[in-house]
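Enquirer: Handing you a structure now.
Derivation of every value follows stated rules applied to the coordinates shown; laboratory data play no part. For clarity, every value in this text was computed on a predicted model and none was experimentally measured. Cβ atoms come from the backbone with ideal geometry, glycine included; neighbour counts cover every protein chain shown.
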Amino acid sequence: MGSLRKSNELWNILTKGASRLLHTSRATKHENPLGLPRSGASAVPNIPRRGLPQKRDIPNVKKVVVVASGKGGVGKSTIAVNLAVGLALQEDASCRRPRVGLLDLDLFGPSIPKLMGLDNCNEPELTTSSALIPLKNHGILCMSMGFLLPQTKASSTSQPSRDDTAVVWRGLMVQKAIQQLLFDVDWLDNAGRTEIPGPELDVLVIDMPPGTGDVPLTVGQLVNVDGAIIVSTPQDVSLADVRKGIAMFRKVSMPIMGLVLNTSYFLCPSCDVRHYLFGSAESFHRAASDVGVPVMGELPLIPEVSKRGDKGVPFVLSSASTAQGKAEEEYNNTMLNVASGVWKSLSH
Ligand SMILES: Nc1ncnc2c1ncn2[C@@H]1O[C@H](COP(=O)(O)OP(=O)(O)OP(=O)(O)O)[C@@H](O)[C@H]1O
Ligand SMILES: [Mg+2]
């Protein structure tokens, strides 16, 4: 392979390219974003007549699954990581395990580097054709904006880290970054390291930012997605957001595989009884059947899920090597069932 350029260059390309785009768009377009009629002005708003872009496949990726939620902090990234590991443990008819990748599209709060134990890695390298080479841990290929942020030193005592580096982008810059993360990553095995490319990815799991904003909409419009998993917690406010998320995905014709209810209950270790701390799961099941979407699983609240996430070890992996309580067993079984359901539906 030829000389590798640092992904700092990509950062520059992203920022310069996006600022060029911003310069060429006329500032006046933001003055009246809703196109409301003004006295003396034309009462007819100027509606762009261009059609939607054509949906494309992600290069060298066979299937794409997104993990999304209407509301923030419900456990998407944790579920995306455990789903990726769960999928990598599945086998096809010839006992071959799938190659799985994880793409973090949360530009403003990327969690995949930490959850996958890759937060102190160097920036990804580039192939000779300037595609990003994913980083790998726990058998999963990963790409995230978090790998591309410049490292900063918060105080004189602290080590350089990306934790305090904020992305302050909007509009076209966000769209350009998303497009590059979607289409300019080389997911082939051993990308950039050998002349002969390895096999492509069987499944790419995409961890979405929360809500129904620019990013999920852009993904829905640009990419052929095989299925979306929507994560929720039992609270009413989260359920209302689930309905909005489902409506948005349906609008962009993204197939919804099902819902996962996270932190549904706490299994008391001393009495072995399920405590529904955030409200009964019944209203969640009712809401799911109202919108015609299946519930794929209910995960318990386990403090250890959080602790191991902070250590960069996916829970379904780490608990395989340690003694398990009933709650851990229920979390793992549910997560592996979700992964097996996803794998089966992708294999049809
Ligand atoms: N089942 C669980 N039991 C206990 N803690 C959990 C569970 N699932 C997730 N958490 C914890 O909840 C917090 C939020 O999880 P996570 O970052 O996965 O949510 P998110 O939906 O991706 O958030 P954001 O919307 O900010 O991207 C984390 O600290 C995580 O470890
Ligand atoms: Mg997240």
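Enquirer: Quick one: 3J(HN,Hα) in Hz for region 279-290, Karplus 6.51/-1.76/1.60 with θ = phi - 60°, rounded, Gly and Pro as x.
Expert: Values per residue, Gly and Pro as x: x, 5, 7, 4, 5, 5, 5, 5, 5, 5, 6, 4 Hz.
Enquirer: Let me ask something else. If amide H atoms are built 1.01 Å from N in the plane of the peptide, which residues on other chains or at least 5 residues away come under 5 Å of the amide H of Lys63?
Expert: Under 5 Å from the amide H of Lys63 lie the amide H atoms of Val203, Leu204, each far enough along the sequence or on another chain.
Enquirer: Next question. In whole Å and largest first, what semi-axes does the C-alpha gyration tensor of region 246-348 yield when each eigenvalue is scaled by 5 and square-rooted?
Expert: Numbers: eigenvalues 142, 69, 28 Å².
They are 27, 19, 12 Å, listed largest first.
Enquirer: With 5 Å bins from zero, work out the P(r) of region 83-122 over every alpha carbon pair and list the percent per bin.
Expert: Calculated over all Cα pairs of region 83-122, the distribution is 6, 19, 22, 21, 13, 10, 7, 2, 0 percent.
Enquirer: When DSSP assigns beta bridges and you keep just the ones with both residues in region 67-164, what percent turn out antiparallel, to the nearest 5?
Expert: Around 55 percent of the beta bridges assigned by DSSP in region 67-164 are antiparallel ones.
Enquirer: Net charge around Val223, counting only other residues with Cβ within less than 9 Å of its Cβ (Lys, Arg = +1; Asp, Glu = -1)?
Expert: Net local charge, Val223 excluded: +1.
Enquirer: While we're here: By the scheme Lys and Arg +1, Asp and Glu -1, what is the net charge of all other residues having a beta-carbon under 15 Å from that of Leu346?
Expert: On the way: positive: Lys62, Lys63, Arg96, Arg97, Arg99, Lys344; negative: Asp57, Glu91, Asp92, Glu200, Asp202, Asp226.
Net local charge, Leu346 excluded: 0.
Enquirer: With +1 on each Lys and Arg Cβ and -1 on each Asp and Glu Cβ, how big is the dipole of region 244-348 about its Cα centre, in debye rounded to the nearest 20?
Expert: Values: 10 positive and 9 negative charges, 86 e Å.
About 420 debye.
Enquirer: Separate question: Please grab the % of Cα pairs in region 219-265 that end up more than 12 Å from each other.
Expert: 62 percent
Enquirer: In this model, which of Lys63/Lys251; Lys63/Lys307; Lys244/Lys326; Lys176/Lys307 are farther than 28 Å apart at the alpha-carbon?
Expert: Going by Cα-Cα distance, Lys63/Lys307; Lys244/Lys326; Lys176/Lys307 fall outside the 28 Å limit.
Enquirer: Looking at Leu267, Val242, Ser232, which one has the Cα that reaches farthest to the positive end of the dipole of region 205-270 (charges on Cβ: Lys, Arg +1; Asp, Glu -1)?
Expert: So the residue we want is Val242.
Enquirer: I need the phi-derived Karplus couplings for region 205-221: 6.51 cos²θ - 1.76 cosθ + 1.60, θ = phi - 60°, integer Hz, Gly and Pro marked x.
Expert: Per-residue couplings from phi come out as 9, 10, 8, 8, x, x, x, 10, x, 3, 5, x, 5, 4, 4, x, 7 Hz.
Enquirer: Using amide H atoms built in the peptide plane, which far-off residues or other-chain residues are under 5 Å from Cys142 H to H?
Expert: Leu102, Leu135, Lys136, Asn137
Enquirer: I need the calculated FRET efficiency for the pair Cys268 and Ser306, taking r as the beta carbon distance and R₀ as 22 Å, to the nearest 0.05.
Expert: It comes out at approximately 0.80.
Enquirer: If I model a spin label as a point 7 Å beyond the Cα along the Cα-Cβ vector, how far apart are those points for Lys326 and Glu91 in nm?
Expert: My value for the distance between the label points is 3.1 nm.
Enquirer: Sticking with this structure for a sec: Put a dot 7 Å past each Cα toward the Cβ at Asp163 and Ala247; how far apart are the dots in nm?
Expert: Going from the Ala247 label point to the Asp163 one covers 3.9 nm.
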